[in-house]
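The values are calculated or read from the model by the stated rules, or taken from the named source; none is laboratory data. Everything numeric in this text was worked out from a predicted model, so none of it was measured. Positions of Cβ are backbone-derived with ideal geometry, glycine not excepted, and every protein chain shown enters the neighbour counts. Accessible surface areas use protein heavy atoms only, side chains included; no ligands, DNA or RNA. Shrake-Rupley method; radii C 1.70, N 1.55, O 1.52, S 1.80 Å.
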Amino acid sequence: MKVWHDSADLVKKCYELIAESADPQDFYFFNQMKRASTSICFNLAEGSGAGSDKLMRRHVNIAIGSAFELANQLEIGMKINHWSPEQTRPLLYALDEVIRQLFGLKRHLSRSIDNDANGGK
């Protein structure tokens, strides 16, 4: 699944950005960023093994929430001078792409669920 691969790449980029931080001692902030980024691909993996489109959509919704949490953390990281906009911009672009894909997957799953509920019509 492309969105899973892209979200796994995003995790790597987050860890690299954290390693470049101006303040490597901000453990709580960086730990939350790591958790939010990994939550995206972890929920996609868990959802794909859930056995139904309805359960997969639930995990996609959680992944979307984690993606928005990560976007907020990146913005806050710039505001508190952990990183410059130049350092953060590539990650924000990658995150925007993952978010776009997640919403596309959610739409697809919702249509599939609606079709099943309507007897495949």
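Things worth noting here:
- Only residues that are closer than 17 Å to L17 by Cβ and of a type in the set (A, V, I, L, M, F, W, C) were counted in the range 34-52, giving 3.
- Annotation: of all residues in the range 105-121 being open to solvent by 60 Å² or more (accessible area, probe 1.4 Å) and either in a helix (DSSP H, G or I) or in contact with a Ser or Thr (Cβ under 9 Å, 6 or more places away or on another chain) (or both), the one that is nearest to R57 (Cα to Cα) is K106.
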